[in-house]
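Step one of this worksheet: look at the structure below.
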Amino acid sequence: MKFGIPLARAHPGLWPELTKQAEALGFESVWLPEHLVFPVAMSGSPHRGDAHPPVPPQTPIFDALNYLSFLAGQTETIRLGTYVYNIGLRHPFVSARAAATLDIVSGGRFDFGIGASWLREEWEAVGLDFDSRGPRVDEALQVCRALWSQPSVEYHGRFFEFGEVMFEPKPVQPGGPPVHVGGDGKAALRRVAQLGDGWLPMNHTVDRIPESVRILTGLWAEYGRSGTPQVTTSVPISSADDISRAADAGIDRLIVAPWQRTRDALEGIARFADQYFQKAGAAG
């Protein structure tokens with residue numbers, strides 16, 4: 001089992017120290033969410049059953065790939081991920097360039113978590129159609145994958161069209177950083193199988209994971225993929241048995257925040273590492 005921590009659960013002023021401490025303790029990764037803007041009037045939520053957005057519009061937001069590049073310069077081994085990056089809100093040239101840069105400056109330590117997004121008003125503020133975001137995300141991923149791996153690329157799609165271009169330098173990780181697709185429905189699982197390397201379930205309990213992994217495995221085979229997709233998620237952990245159940249369900253990486261307040265974060269991750277890493281076998 002690999003263990004990551006969600007930096008957004010702590011004050012940004014602690015992120016560099018928290019990341020360096022997590023690396024020293026043996027955590028495998030840190031993860032940042034991102035948005036371009038939060039409209040003052042927001043509707044919906046990424047969490048099932050919640051009627052309202054989980055964050056107020058004045059919440060501080062950082063450019064995730066830019067900030068992770070800053071953290072890359074202060075670390076050596078810990079992986080750096082987005083959970084999740086709203087790839088459909090940008091032209092894929094922008095996303096591919098930023099992701100490749102982070103992968104290069106980190107020495108190949110970037111995990112690219114992406115999502116189709118939930119915030120309609122953010123898409124409207126950018127001037128894009130929220131209802132067609134799924135196909136747009138698919139095309140954006142196709143373009144990024146091509147730019148990261150092919151000597152030259154041209155593309156003629158529904159949302160993006162361009163003549164032959166070249167894209168250098170390529171990412172350190174062959175074919176580009178691993179793409180982890182966020183979402184819970186069949187469309188997200190299909191996107192993982194077709195275009196991703198891993199799955200980030202957002203609203204799954206441990207009990208629901210095995211059935212979705214079964215569906216994902218079937219889709220993975222339909223697309224002729226070798227190996228298996230990684231499953232990364234956050235579920236409550238209060239005992240070593242919880243970690244074992246998560247592993248048995250098919251989860252490969254747990255993102256944990258063993259603190260309630262920022263001032264307790266450093267102590268919380270130290271306590272978690274001491275309590276669980278040996279019992280879980282490895283921290284990644």
Pairs, please: C-beta under 9 Å, at least 6 apart or cross-chain, first residue open to solvent by 20 Å² or more (accessible area, probe 1.4 Å) and in region 183-209, second among the hydroxyl-bearing types (Ser, Thr, Tyr) and in a strand (DSSP E or B)? Met202/Thr233; Val206/Thr233
Test set (1) over 24 Å from Ala188 (Cβ atoms); (2) touching a Lys or Arg at 6+ places or on another chain (Cβ under 9 Å) - Ser69 fails condition number: (2)
Does Thr232 satisfy the condition of being buried (at least 20 other Cβ atoms within 10 Å of the Cβ) and either aromatic (Phe, Trp, Tyr) or in the same structural domain as Leu189 (by the TED database) (or both)? yes
Of all the strands (runs of 3 or more DSSP E) wholly in region 1-118, which have at least 1 residues that are open to solvent by 10 Å² or more (accessible area, probe 1.4 Å)? 2-6, 79-82
Condition set closer than 25 Å to Leu7 by Cβ and not β-branched (Val, Ile, Thr), scope region 215-238, selection farthest from the chain's Cα centre (by Cα): answer is Ser238
Could you give every pair whose Cβ atoms fall below 6 Å, whose first residue belongs to region 29-50 and is touching a residue at least 60 places away in the same chain (Cβ under 8 Å), and whose second residue is among the aromatic types (Phe, Trp, Tyr), counting only separations of at least 6 or pairs across chains? Trp31/Tyr83; Gly44/Trp118; Pro46/Trp118
Test: residue in region 94-106 that is without any contact (Cβ under 8 Å) to a residue 40 or more places away in the chain, more than 26 Å from Val165 (Cα to Cα) and in the same structural domain as Phe70 (by the TED database): no
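The values are calculated or read from the model by the stated rules, or taken from the named source; none is laboratory data. This structure is a prediction, so every number in the text was calculated from the model and none was measured. Cβ sites come from the backbone with ideal geometry, for glycine too, and all protein chains shown count toward neighbours. The protein model used for the area step is the full one, side chains on, heavy atoms only, and it has no ligands, DNA or RNA in it. Shrake-Rupley method; radii C 1.70, N 1.55, O 1.52, S 1.80 Å.
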